[in-house]
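Contents: one structure, followed by commentary.
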Amino acid sequence: MNLAMNSQGCGYTPNCNETAAPGNDSLSRWEYWNQRYKERNEAFDWLTDPYLTVQSVLPYLEETKSKDILHLLDLGTGTSRFPSELSKHLKDNFNLFCFDYVKECLQFQRSSIFRSDFRDASNPFARIMFVCGDAESLPFKADTMNIIFDKGTTDSLLKDKIKGKERTHSVLSEAFRVLCPNGKLLQFTDEDPDVRIPFLEESCRNWNVSISYKILSSESIEYFMYTVVKK
């Protein structure tokens, strides 16, 4: 099944939370991330630790039973250990797309994941792919993804004081376009529900969705996982 329309192929530190730094608009720019990944070629996880993140999403994977192959999209994968950890827990056949707009981090992910316990050869229908592109124009067909993971990606875009909301609305609109019916967007952030839920409702105004959230705690820091289900 060809989903792509056009594609190219430090450890967790909870206190080092740049996405939470107010006014740090450099986090919304490609130039910042391109330079960062060239200079810091190491694993780094924003917000929740990768193990907590995986444990939080596993119940959703269990309830998302696909007759064919499970299609998963990690939106703004960076150099997180989340894809590597997730691949170790996936029992069903799956396609995991690690998506980012910086090639250097995708090269890091490729080498990191295939040094892990993931064994592509053990299941010919289990694949991890690395796609470089623009999240405001995702190179995937509509209604194809079962679950999309957003771990701080929209938080970074929202640092853009001028076009942040507009850009984030575009990214979320694209996410809902490629989600299949009953597909889920799982968002990890430190933003309070009083702020994030109205923003998600505004972003979803053209789609029939349901929104819920749960509180996650990591190293005594409170985070949130928002679940947006496309009806």
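Look through segment 46-104, keep the residues that are part of a helix (DSSP H, G or I) and β-branched (Val, Ile, Thr), and return whichever of them is surrounded by the most Cβ atoms within 10 Å (Cβ to Cβ).
So in segment 46-104, the residues part of a helix (DSSP H, G or I) come out as 50-63, 82-89, 103-104.
Then drop every residue that is not β-branched (Val, Ile, Thr), which leaves 53-54, 57.
Numbers: Thr53: 26, Val54: 21, Val57: 22.
Looking at the filtered set, the residue picked out is Thr53.
Which of the residues spanning segment 147-206 are modelled with pLDDT of 90 or more, β-branched (Val, Ile, Thr), in a helix (DSSP H, G or I) and under 21 Å from Asp134 (Cβ atoms)?
The answer is Val171, Val178.
Name the single residue, out of those in segment 135-189 being crowded, with 19+ Cβ neighbours inside 10 Å and of a type in the set (Lys, Arg), that is nearest to the chain's Cα centre (by Cα).
Selected residue: Lys151.
Which residues, counting only those in segment 162-211, are more than 22 Å from Thr144 (Cα to Cα) and not charged (D, E, K, R)?
Ile162, Gly164, Thr189, Pro193, Val195, Ile197, Pro198, Phe199, listed by residue number.
Scan segment 135-144 for residues that are under 22 Å from Lys103 (Cα atoms) and in contact with a strand residue (DSSP E or B) (Cβ under 7 Å, 6 or more places away or on another chain) and jot them down.
Correct list: Ala135, Pro139, Phe140.
Quick check on my filter: what residues within segment 185-212 are touching a strand residue (DSSP E or B) at 6+ places or on another chain (Cβ under 7 Å) and small (Gly, Ala, Ser)?
Those that are touching a strand residue (DSSP E or B) at 6+ places or on another chain (Cβ under 7 Å) and small (Gly, Ala, Ser): Ser210, Ser212.
The values are calculated or read from the model by the stated rules, or taken from the named source; none is laboratory data. On a predicted model such as this, the values are computed, not experimentally measured, just so you know. Methodologically, a virtual Cβ is constructed for each residue, glycine included, from the backbone with ideal geometry; neighbour enumeration extends over all protein chains shown.
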